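The values are calculated or read from the model by the stated rules, or taken from the named source; none is laboratory data. Here the structure is a predicted model, which means the values were calculated and not measured. Reconstructed Cβ throughout: ideal geometry from the backbone, glycine too, with neighbour counts over all protein chains shown.
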Amino acid sequence: MIYDSKPWLKSYDPGVSPEIEITDRSLIERFNRVRQQLGKNMAFQFLDITMNYETLMKNADCFARCLADHNLKKGDVVAINLPNTPQYLIALIGTLKAGCVVSGLSPLLTPNEMIYQLNDCQAKALVTLDAIFEKRLTEIADDLPHLKLIFPTGLLDFLPKYKQVLARWLKRVPYGQVTDLPNKKIIKFKEALYLYPPNAPNVDIDQSDACFLQYTGGTTGKPKGAVLTHGNALANIFQFEDWTKMEWGIDIVCSGFPMFHTAGLTLATISVCFGCMQIIIPDPRDTKRITRECSRLHPTFMANVPTLYLLLLQDEDFKKLDFSNLRVCISGAAPFPVESIKQFEEIIGPGKMAELYGMTETGPVQTINPYKGVKKQGSVGLPLQSTCIRIVDLITGTQQIPIGKEGEIVVSGPQVMKGYFNKPEETAKTLREHDGRMWMYTGDIGRMDEDGYLYIVDRAKDMINVGGFKVFSREVEEEIFAHPAVEQCAIIGSVNPKRPETELVKLIVQKSQEYKDKPDEIIKKEILEMARERLSPYKVPKIIEFLDEIPLTHVGKVNKKALR
């Protein structure tokens, strides 16, 4: 079989094992070891405050005891509805120590979206901002029958009192009033840490037990909850340890990925499991703060979506920083234009940028470019240890496509989810067993080269049919990005009014700052001339529209559902 020989192994860095052995029974076992060995190490830095691992774990134990004393049992879901804050880390660790399951809930969701997700995951408890409590939760509380316990918290609750008062006086931070709600127990988050002893319940947890219930982006339909086990989470931790050579208590991690998203959740968890210091970024669009933190703390490990890296490229102070301590800079969740990667590496140093490929359903990481070896630009790297990837046909999903040809990406490995929560039909479509393995059908179109590097060319649902020819949006977008007028762009299919069975290639452009005042028609003409030189005729956009700002999802991906 073409891919079963694992052609990617020859491209691994020296010393990276083809397989991993997961030696911990659960994340809790790992947390306890970090506390014992690295208790005095700093766990995080947040808006000029720090906390060591001993204090972090003590707070988490108090929260775990509070959950247990309110009858939350093993497997019950606790939703965390916060931006990146110390409260998120405490609630995350405490929930797992109580034997419960963490489900990230974006603070940007509308009331109806909150109702859907909280009811779908049957959350028994919710940690949320006081501003969300007042403005949204009070309106929808009656529609949440499973929810019994609510922990409101202020964004700045862990800052000194005078800074909280000043922020409120200057109206820089939203806050809300907390009131009683019928049939709900309300406990302020910080009070729970004082009212309950640091005595986490003793719950028997192993690798097969669920730890995270993370929701998909919902860009093509209703979000689905992917059930990830302690074993799934540990797999990515052991893979990262061997791949990037993370050391206990050494690395300093800076990421704008929100912790409610699977990427931010994984980075936060990995950081704790290695006793790293996290630089907690509450607002990823605040590039000035990111620049200040990088200048002061010199991170060794960075991870962000491409849109944030593009924003940092525009920050003159960021360009002047010393990145000699930075070991690796990871990009994920969306394609990163090759030209922009080159520009970014001129700042951070050559060979430090590594694209990866992940999904909520795969724990999330399944491929990554080598830490030391060849990083092929445009590629999302090599399958991780103990991970198998195949490129298969789009019809049966079982026929392997030759090396270098496009097909659907399917993945099998220890990081692949257990299934979708309470959605057996969706699970059966996505997880299919054949050749003695369980395969996750990603819905992504890609190809693999002879060295085992994977390239994503499109989402199956984003592929455009132009008169029977397949147009992959990423391929076209990469070429369009080369024009200096393009800050951001997206390709989507538009129905051809003359031939409804086929589509037209439609390009949406967000202009760069330098070209803001240049007429649309002139830029359109230049883009079309460039596209005709670089692309086959059927790939050239037939419609070009300009937007002041291309809509993004909660984590910074281009929202093609909204564009359509």
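So here's what we get for this one:
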read-out: Subset of the range 419-459 that is among the small types (Gly, Ala, Ser) and out of contact with any strand residue (DSSP E or B) (no Cβ under 7 Å at 6 or more places or on another chain) - its residue that is nearest to residue 473 (Cα to Cα); value: 428
read-out: Condition met for residue 142 (touching a residue at least 40 places away in the same chain (Cβ under 8 Å), of a type in the set (Asp, Glu) and not in a loop (DSSP other than H, G, I, E, B)); value: yes
read-out: Test: residue in the range 254-262 that is touching a strand residue (DSSP E or B) at 6+ places or on another chain (Cβ under 9 Å) and surrounded by fewer than 23 Cβ atoms within 10 Å (Cβ to Cβ); value: no
read-out: All positions within the range 413-446 that are closer than 18 Å to residue 122 by Cβ and surrounded by fewer than 21 Cβ atoms within 10 Å (Cβ to Cβ); value: 418, 419, 422, 423, 424, 426, 427
read-out: Selection count where residues are over 16 Å from residue 355 (Cα atoms), in a helix (DSSP H, G or I) and either at pLDDT below 90 or among the acidic types (Asp, Glu) (or both), scope the range 295-324; value: 4
read-out: First in the range 534-548 and assigned by TED's automatic domain parsing to the domain that holds residue 480 and within 14 Å of residue 506 (Cβ to Cβ), second anywhere and at pLDDT below 80 and loosely packed, with under 14 Cβ neighbours inside 10 Å, Cβ under 6 Å, 6 or more apart; value: 538/469
read-out: Strands (runs of 3 or more DSSP E) wholly inside the range 182-287 that include at least 1 residues being over 30 Å from residue 560 (Cα atoms), in contact with a helix residue (DSSP H, G or I) (Cβ under 6 Å, 6 or more places away or on another chain) and modelled with pLDDT of 95 or more; value: 210-215, 252-255, 277-280
read-out: Options 137, 159; residue that is more than 18 Å from residue 94 (Cα to Cα), modelled with pLDDT of 90 or more, out of contact with any helix residue (DSSP H, G or I) (no Cβ under 7 Å at 6 or more places or on another chain) and surrounded by 15 or more Cβ atoms within 10 Å (Cβ to Cβ); value: 137
read-out: Cβ-Cβ under 8 Å pairs, at least 6 apart or on other chains, the range 379-404 side among the acidic types (Asp, Glu), far side surrounded by 19 or more Cβ atoms within 10 Å (Cβ to Cβ); value: 393/401; 393/407; 393/408
read-out: Those residues of the range 86-125 which are crowded, with 24+ Cβ neighbours inside 10 Å and either more than 21 Å from the chain's Cα centre (by Cα) or of a type in the set (Ser, Thr, Tyr) (or both), in sequence order; value: 88, 94, 95, 97, 98, 99, 100, 103, 123, 125
